[in-house]
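First comes the structure, then the notes that go with it.
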């Protein structure tokens, strides 16, 4: 029985191989014969695609070369201009001492020397005297009859503006032409040196250099390149000129026309002009003379309009090459059939030998393989059992809570950490429940636990990982704020969510404590500001109350004399009314500032600045501090009285610094403007600045540079906190050196920036 089994194993595969190879060989021969026509058609199609791709790539390769050469030659041309200005600068520096010449003889000498020694080139060179706004040299007289003072570049900046930036390229239009010059300011003298040329001249030089470089490329008679300078896309007499023709160089320089008698050539030119006009590039088929045979053959060409120079670049291939390739392909098919038969015979013999040897070794080792497989299977099962034990240990003993959540919304399993976290005795009280069953009814003011769990299911089962926060309710009624990270898994062909739960209740309590401290700091800052404002208002009211008192005494003392006229009474009444209105306005400004409502409104920055300053104006005037306010009409969404609190804190600090500095000239500058859709508010003083040792800490809470009885250290901290509530809001402090009325000052500058969207 065992012997018959081995014979069966040996002869059945060998016989199967012989039959299979015979059938496959016959089938392949039949398929090759029947598919020859399709193969030839496919070969023809692929050959055409290959040739079209080849000429397309060749044309675009030449176009890219032209682009690269254009940039290369343009850079070279600019370097020539730049080098020329440096040579002129060197020569002018050694020719004369600019500060010593005063008469026209010296100037003429300069011109003569430069003409004789420098300007022996084809470029335009110009020299200006920036000190006297005078033209010293213009070799080609391009500035003749031009008003030099109004001569400006294409950006509108005048050429002779001594404050403009030099040592760079400038462009300007003059007499209908565009010019490009490199402008160099000579060192140690007011000479401005320009070297350049007209854009037309530069482009013409670059074109010639490009054509010269293209002439050096290898010529392929089958895919020769031709380049045409296109003047008129509609054709006509002299619509273009042949710049390059690799196959027939004698055509180079000839002008092209569609007004010719050769109808075939005429239609060919109209066709490619139509393609260029409508599409900028394309393929056309036509009859044309083949260079090596001088016979007319059908040809396919690709033409492309190089827009930088308005050149047509083209190449193509002749269809007579296809016939030759087709015959070669047919011959290869016949050879392929012969090779197929020979290969089948050889492969059959080799397979029989190989199978015989293989079967011998296979049968001899089959028992050993089966035994080894059985042993490996037992080891794998043991390894899986150990991995399962490890996973169970990690799951049960993890310090983080872990739950397994099913797709239908129930907790399948949880570890001991979850049980301890929720004060239960066993996981039995947690499994087979939904999250909402072990949570308060509401997660926050807006979302219920049921609604948030539905959202959790949707997001968790549609994302690989997901993080969110959840509030659990322990068995004892205690709320636990937790951070949950979920991972979507597939277990036994079912979608599940593996969720890691981390108790962040303590973290939440700290955040709430910080919020309360922030509110207390804000109130403390507001009270401090109110105290300062009450002091300011007391100073502001002193003068008008004194005026009213004097007017009342004056009326009382002179009323009995009967010497009052109606005009005097009217004048006194108006004066008292003005004083009372001033007091009333002060009360209104103070009321707006102390308004406890935190409503976001659209307010005017300029009005907020002026109202804040009006509250403190008496203190500034009393101490001889001049305040300059420049503000654009800018509107901002925010809480206006908090914005005023920022301004008041900063200007009060500036006032204290100016008083302490005790300079004769005390200035404060407030500027608000809109830059790139941002509000930029700057407040700077002339008090000498903030010490570099502490400037980085002035926005820290309870940090103050004042005496402990004069400062709380929370004013600037609250300014920073308030400004951060705005979109991209930021406040920073720096020390600035600046000039005002031709006098240098140093002081602190506070800069506030926020988006106006």
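The values are calculated or read from the model by the stated rules, or taken from the named source; none is laboratory data. Every value quoted in this text rests on a predicted model; they were computed, and no experiment measured them. No Cβ is skipped: glycine too gets one built from the backbone with ideal geometry, and neighbour counts run over all protein chains shown.
Computed values, structure above
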quantity: Selection within segment 285-317 - assigned to a strand (DSSP E or B), out of contact with any helix residue (DSSP H, G or I) (no Cβ under 7 Å at 6 or more places or on another chain) and under 23 Å from residue 73 (Cα atoms); calculated: 311
quantity: Qualifying position, being touching a strand residue (DSSP E or B) at 6+ places or on another chain (Cβ under 7 Å) and either in the same structural domain as residue 747 (by TED's automatic domain parsing) or closer than 21 Å to residue 728 by Cβ (or both), among 699, 669; calculated: 669
quantity: Residue 266, sole failed condition from (1) in contact with a helix residue (DSSP H, G or I) (Cβ under 9 Å, 6 or more places away or on another chain); (2) surrounded by 14 or more Cβ atoms within 10 Å (Cβ to Cβ); (3) more than 22 Å from residue 321 (Cβ to Cβ); calculated: (1)
quantity: Residue among 626, 655, 678 that is under 17 Å from residue 751 (Cβ atoms) and in contact with a strand residue (DSSP E or B) (Cβ under 9 Å, 6 or more places away or on another chain); calculated: 678
quantity: Subset of segment 39-62 [crowded, with 18+ Cβ neighbours inside 10 Å and at pLDDT below 85]; calculated: 43, 51, 62
quantity: Within segment 450-474, tally of residues that are more than 40 Å from the chain's Cα centre (by Cα) and under 21 Å from residue 509 (Cβ atoms); calculated: 4
quantity: Residue 601 vs. criteria at pLDDT below 80 and surrounded by fewer than 20 Cβ atoms within 10 Å (Cβ to Cβ); calculated: no
quantity: Residue pairs meeting the criteria (Cβ under 8 Å; at least 6 apart or on separate chains; first under 21 Å from residue 488 (Cα atoms), in segment 500-511; second assigned to a loop (DSSP other than H, G, I, E, B)); calculated: 500/400; 501/400; 502/400
quantity: Test: residue in segment 685-694 that is closer than 18 Å to residue 733 by Cβ, surrounded by 18 or more Cβ atoms within 10 Å (Cβ to Cβ) and touching a helix residue (DSSP H, G or I) at 6+ places or on another chain (Cβ under 6 Å); calculated: yes
quantity: Top-ranked residue in segment 318-363 [being in contact (Cβ under 8 Å) with a residue 24 or more places away in the chain and touching a strand residue (DSSP E or B) at 6+ places or on another chain (Cβ under 6 Å); ranked as surrounded by the fewest Cβ atoms within 10 Å (Cβ to Cβ)]; calculated: 320
quantity: Unique residue being loosely packed, with under 14 Cβ neighbours inside 10 Å, at pLDDT below 90 and under 52 Å from the mean Cα position of the chain (by Cα) when the list is 285, 315; calculated: 285
quantity: Residue under evaluation residue 395, criteria (1) buried (at least 16 other Cβ atoms within 10 Å of the Cβ); (2) modelled with pLDDT of 85 or more, criterion not met; calculated: (2)
quantity: Conditions (1) over 30 Å from residue 351 (Cβ atoms); (2) modelled with pLDDT under 80; (3) surrounded by 14 or more Cβ atoms within 10 Å (Cβ to Cβ): number failed by residue 32; calculated: (1)
